[in-house]
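Participant: Below you'll find the structure I mean.
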Amino acid sequence: MSENTARSLRGEVYYANTPELDAARRRCEEACLRFNNARNTTRRQRVEMWRELVGDTTPMPAEAPTQEEDEALFPNDGHVRPPIYMDYGTNVTLGKGAFINCGCTIIDTCLVTIGDRTLFAPNVSLYSGTHPLDPEVRDGLRGPEMGGEIHIEEDCWLGGNVTVLPGVRIGKGSTVGAGSVVTKNVAPYTIVAGNPARKIRDAPRHTNLGETSGAKAALERDGQGIRGGV
């Protein structure tokens, strides 16, 4: 890895339009196209394409005799609905059971982590990269850039069209209201909304809504189980 690329991952000032980084973005663009344009795919195929996209070299398990049994081999892989757009892919980690709905954009100049069981509504944007405010320094595509890591912890829910800016950490169990722009850290178990996002209230805890609402009992009466994925 070059020093310029290492600087980008550390969030320091660097230059994005170098042969090394151009090649990395082209690889990701091609992998995104394969993932987004795939049709009638199995769970195995989607997991395989996602791992290619993010550079996950974990060996795939041997294929099971039936499709249902084969799907059960991937309980910890996240679920991603296309289309999705990323710069590099290799700077993104997706937690166990996490779900990304369609239209997500991740500018992964720096590391972007998405925690276990975290949910994204459509059109969530995570921007870990940014540009200088000085227009002479910015200089179109010839100037330097910089960034900051984004960390979204476990059990969060980001509503539709949420934007998260560089250097932000969203604490576990938090909810971000639709259309919000998150410019600073969010404390765990907090509900925020707005532009810029501000605290609305604490997140409710231990409500047992599935049981108290009767929804779980209805599911059991229907004789249906919860698949936990799409």
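Participant: Check off (1) touching a helix residue (DSSP H, G or I) at 6+ places or on another chain (Cβ under 9 Å); (2) touching a residue at least 40 places away in the same chain (Cβ under 8 Å); (3) not hydrophobic (A, V, I, L, M, F, W, C) for Asp108 and give me the number that stays unchecked.
Facilitator: (2)
Participant: Can you work out which of the residues in the range 137-150 that are crowded, with 17+ Cβ neighbours inside 10 Å and among the aliphatic types (A, V, I, L, M) is nearest to Thr183 (Cα to Cα)?
Facilitator: The qualifying residue nearest to Thr183 (Cα to Cα) is Ile150.
Participant: When only residues in the range 82-92 that are within 11 Å of the chain's Cα centre (by Cα) and of a type outside the set (Gly, Ala, Ser) count, which is surrounded by the fewest Cβ atoms within 10 Å (Cβ to Cβ)?
Facilitator: Here the residue is Tyr85.
Participant: Enumerate the pairs (first residue in the range 175-187 and over 13 Å from Ile200 (Cα atoms); second residue anywhere and surrounded by fewer than 22 Cβ atoms within 10 Å (Cβ to Cβ) and among the basic types (Lys, Arg)) with beta-carbon separation below 9 Å, excluding pairs fewer than 6 apart on the same chain, so at least 6 apart or on different chains.
Facilitator: These pairs meet every condition: Asn185/Arg169.
Participant: Moving on. Return the residue satisfying two criteria in turn: it lies in the range 110-140 and is out of contact with any Lys or Arg (no Cβ under 7 Å at 6 or more places or on another chain) and of a type in the set (Asp, Glu), and of such residues it is farthest from Gly159 (Cα to Cα).
Facilitator: Applying the filter and picking the extreme gives Glu136.
Participant: Keeping to the range 5-18, report how many residues are in a helix (DSSP H, G or I), over 22 Å from Trp50 (Cβ atoms) and open to solvent by 40 Å² or more (accessible area, probe 1.4 Å).
Facilitator: Total meeting the criteria: 1.
Participant: For the range 186-207, which residues satisfy the criterion of being open to solvent by 100 Å² or more (accessible area, probe 1.4 Å) and part of a loop (DSSP other than H, G, I, E, B)?
Facilitator: Residues satisfying the conditions are Asn195, Arg205, His206.
Participant: Under 7 Å by Cβ, and 6 or more places apart or on different chains, what pairs join a residue from the range 71-96 that is over 18 Å from Gly55 (Cβ atoms) and in contact (Cβ under 8 Å) with a residue 24 or more places away in the chain with one that is among the small types (Gly, Ala, Ser) and surrounded by fewer than 18 Cβ atoms within 10 Å (Cβ to Cβ)?
Facilitator: Sorted first by the residue in the range 71-96, then by its partner, the pairs are Leu73/Ala64; His79/Gly229.
Participant: Next up: Out of Thr212, Thr163, I need the residue that is over 19 Å from the mean Cα position of the chain (by Cα) and of a type in the set (Val, Ile, Thr). Which one?
Facilitator: Thr212
Participant: Quick one: is Glu71 charged (D, E, K, R) and either modelled with pLDDT under 95 or touching a Gly at 6+ places or on another chain (Cβ under 6 Å) (or both)?
Facilitator: Taking the combined requirement at face value, the residue satisfies it.
Participant: Exactly one of (1) part of a loop (DSSP other than H, G, I, E, B); (2) closer than 28 Å to Glu153 by Cβ is unmet by Met49. Its number?
Facilitator: (1)
Participant: Please determine, by comparing only the residues of the range 19-40 that are under 22 Å from Thr105 (Cα atoms) and outside any helix (DSSP H, G or I), which one is farthest from the chain's Cα centre (by Cα).
Facilitator: If we take residues in the range 19-40 being under 22 Å from Thr105 (Cα atoms) and outside any helix (DSSP H, G or I), then Arg39 is farthest from the chain's Cα centre (by Cα).
Participant: Mind counting the residues in the range 55-79 that are open to solvent by less than 90 Å² (accessible area, probe 1.4 Å), under 13 Å from Thr42 (Cβ atoms) and assigned to a loop (DSSP other than H, G, I, E, B)?
Facilitator: Counting residues in the range 55-79 that are open to solvent by less than 90 Å² (accessible area, probe 1.4 Å), under 13 Å from Thr42 (Cβ atoms) and assigned to a loop (DSSP other than H, G, I, E, B) gives 7.
The values are calculated or read from the model by the stated rules, or taken from the named source; none is laboratory data. In this text, all values refer to a predicted model and were calculated from it rather than measured experimentally. Positions of Cβ are backbone-derived with ideal geometry, glycine not excepted, and every protein chain shown enters the neighbour counts. The protein model used for the area step is the full one, side chains on, heavy atoms only, and it has no ligands, DNA or RNA in it. Shrake-Rupley method; radii C 1.70, N 1.55, O 1.52, S 1.80 Å.
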